[in-house]
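Working notes for the structure below.
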Amino acid sequence: MRSPQADGPGRRLGLDDYAEDFDRYFWHSGPEGFWKLERQQNFREPGVESWEAFRRGHWDESLALIEGRRGHYEEYFRRIAGCGFALHRVRCVEEPISPYLQWELHLLHLKAQYGEDTRVLSGDAIRAHEEQHTLPEIVILGSSVMYEVLYDDEGKLAGGIRFDDPHDISRCRQAIQEMHRSGEPLDDFFSGHVARLPPPNVTEEQV
């Protein structure tokens, strides 16, 4: 799967404009739903309490803070269901699992318990989709809008490139759905590859 930019330029949005645009469309994703493809193995999420604890090397505190979000996600996914759509995610995971991904997979495992439909693409399955191009970071909201999500050199969210062409949106959604069908259910991957890992050894270079 190539970047949507290969089919024509989109509209580049800075961080604030991207967040505003995303919020405008997210709750109207409709029956086509929300689809996300995540490829990078390391991000920075300043301001997220559990990530901040992870970054400081306080793993038990980080997990407790994730657990403390149960009430929030129960209400969040109840609202999503009430709006008539669902969240679907493909998370690419390389092994050995990066410290950041070990943290994120714990968070995604909690979200999955309340309705997020995440599957994991790993190893040869990733390489099968990257014969010519590294997979892009993509978010699709219904049939109306798609973003290639942008990050800075440190892995912090920097904005996105918006695409509106229905053909391009459909093509990318179908590609992500194909990856999703071939991926491993998150619960199975988490049980087999994540749950028994020791606390990550965090360094500044990794976060």
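Reported count of residues in segment 160-194, each being of a type outside the set (Phe, Trp, Tyr) and not in a helix (DSSP H, G or I), is 8. May I ask you to list the residues in segment 105-155 that are out of contact with any Ser or Thr (no Cβ under 6 Å at 6 or more places or on another chain), among the hydrophobic types (A, V, I, L, M, F, W, C) and under 18 Å from SER170 (Cα atoms)? Across segment 105-155, the qualifying residues are LEU135, ILE138, VAL139, ILE140, VAL145, MET146, VAL149.
Kindly state which helices (runs of 4 or more DSSP H) lie completely within segment 64-159 and contain at least 1 residues that are under 20 Å from SER50 (Cβ atoms) and more than 13 Å from the chain's Cα centre (by Cα).
The helices (runs of 4 or more DSSP H) meeting that bar are 70-82, 99-112.
From the list ARG39, ARG11, which one is within 24 Å of PRO166 (Cα to Cα) and within 19 Å of the chain's Cα centre (by Cα)? Don't jump to the end; show me each part of the working.
On the way: ARG11 fails: within 19 Å of the chain's Cα centre (by Cα).
Sole residue among the options that is within 24 Å of PRO166 (Cα to Cα) and within 19 Å of the chain's Cα centre (by Cα): ARG39.
Scanning segment 151-186 for residues that are buried (at least 17 other Cβ atoms within 10 Å of the Cβ) and without any contact (Cβ under 8 Å) to a residue 24 or more places away in the chain yields a count of 0.
If you go through segment 94-103 and pick out every residue that is surrounded by 22 or more Cβ atoms within 10 Å (Cβ to Cβ) and over 16 Å from LEU65 (Cα atoms), you end up with 2. All of ILE169, ILE176 fail the test of being under 16 Å from the mean Cα position of the chain (by Cα) and of a type in the set (Val, Ile, Thr), apart from ILE176.
Among the residues of segment 1-30, just one is open to solvent by 80 Å² or more (accessible area, probe 1.4 Å), part of a loop (DSSP other than H, G, I, E, B) and at pLDDT 95 or above, namely HIS28. Residues in segment 88-103 include none that are on the phi > 0 side of the Ramachandran plot and either at pLDDT 95 or above or in contact with a helix residue (DSSP H, G or I) (Cβ under 9 Å, 6 or more places away or on another chain) (or both). Can HIS106 be described as over 20 Å from PRO199 (Cα atoms), open to solvent by 20 Å² or more (accessible area, probe 1.4 Å) and of a type outside the set (Gly, Ala, Ser)? It is false that HIS106 is over 20 Å from PRO199 (Cα atoms), open to solvent by 20 Å² or more (accessible area, probe 1.4 Å) and of a type outside the set (Gly, Ala, Ser).
From the residues in segment 31-55 that are part of a loop (DSSP other than H, G, I, E, B) and among the basic types (Lys, Arg), which one is most open to solvent (accessible area, probe 1.4 Å)?
Filtering segment 31-55 down to residues part of a loop (DSSP other than H, G, I, E, B) leaves 33, 39-48.
Adding the requirement that they be among the basic types (Lys, Arg) leaves 39, 44.
Numbers: ARG39: 27, ARG44: 60 Å².
Applying the filter and picking the extreme gives ARG44.
Among the residues making up segment 137-148, a single one is open to solvent by less than 10 Å² (accessible area, probe 1.4 Å) and either closer than 12 Å to GLN40 by Cα or at pLDDT below 95 (or both): ILE138. In segment 46-75, the residues that are within 23 Å of LEU157 (Cβ to Cβ) reach residues that are open to solvent by 60 Å² or more (accessible area, probe 1.4 Å) and in a helix (DSSP H, G or I) with C-beta atoms within less than 6 angstrom, at least six apart or across chains, in these pairs: ALA53/GLU61; LEU65/GLU49.
The values are calculated or read from the model by the stated rules, or taken from the named source; none is laboratory data. Computed from a prediction, not measured in an experiment: that's the story for all the values here. Cβ coordinates were reconstructed from backbone atoms using ideal geometry, including for glycine residues, and neighbour counts include every protein chain displayed. SASA here: full protein model, heavy atoms, side chains in, ligands and nucleic acids out. Shrake-Rupley method; radii C 1.70, N 1.55, O 1.52, S 1.80 Å.
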